[in-house]
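Every read-out reported here was derived from the displayed coordinates using simple, explicitly stated rules and does not represent laboratory data. Source: prediction; values computed, not measured. Counting neighbours? That spans all protein chains shown, and the Cβs are built from the backbone with ideal geometry, glycine included.
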Amino acid sequence: MKWLILMLGIGANASASVLVKIAMMPPRKFPSLTDPMSALTNWPFWLGLALYGGAFLLYAAALARLPLNVAHPVLTSGAVATVAVLSILVFREPFQWTTITGILLVIAGVVLITAGVA
């Protein structure tokens, strides 16, 4: 259950990042005081913000079940790797050999950090 909570936290964090990116792309605009209606109608921004909140709650729940030196690296590196993959799939951002190498190194690091943690 503790790993499921952490994986859901990674998913929420990465999804929030993708939604905030979508919220900042034309024709949408960053919410501002000069155009308050754009802030109200920018649903990807608000959904992304809510998912960041959900990711924080899942992280807190994971900390109740896992050591900090495991939960934090797994959540942050998992989110980094997931966002890298999603940026390629969703936004068609450039995919270079360094990207896949970095993702593989992140995964290897997480495996090493979590080795021996039940």
So if each residue of separation counts as 0.36 nm, and I subtract the Cα-Cα distance between Met37 and Phe91, what length gain in nm does that give?
16.8 nm
On a 0 to 90 degree scale, rounded to 10, what angle separates helix 43-63 from the longest Cα axis of the chain?
20
Rounded to the nearest Å, the spacing of the alpha-carbon centers of the range 58-86 and the range 18-41 is 28
With +1 at each Lys and Arg Cβ and -1 at each Asp and Glu Cβ, the charge dipole magnitude of the chain around its Cα centre, to the nearest 20 debye, comes out at 80
With everything on Cα atoms, drop me the angle between helix 97-114 and the longest principal axis of the chain, reported from 0 to 90° to the nearest 10.
50
Please determine, in degrees from 0 to 90 and to the nearest 10, the orientation of helix 68-91 with respect to the longest principal axis defined by the Cα atoms of the chain, where the helix direction is its Cα long axis.
50
For n ≥ 4 DSSP H runs only, could you compute -39500 (n - 2.57) per run for the chain, divide by its residues and tell me the 222 nm figure to the nearest 500?
-26000 deg cm²/dmol
Peptide ranges 39-49, 84-94, 70-80, 1-11 listed from the most packed, as the mean C-beta count within 10 angstrom indicates
70-80, 1-11, 39-49, 84-94
Return the single residue from Thr82, Thr98, Thr34 with maximal mean-square fluctuation; model: Gaussian network over the chain, springs between Cα atoms under 10 Å.
Thr34
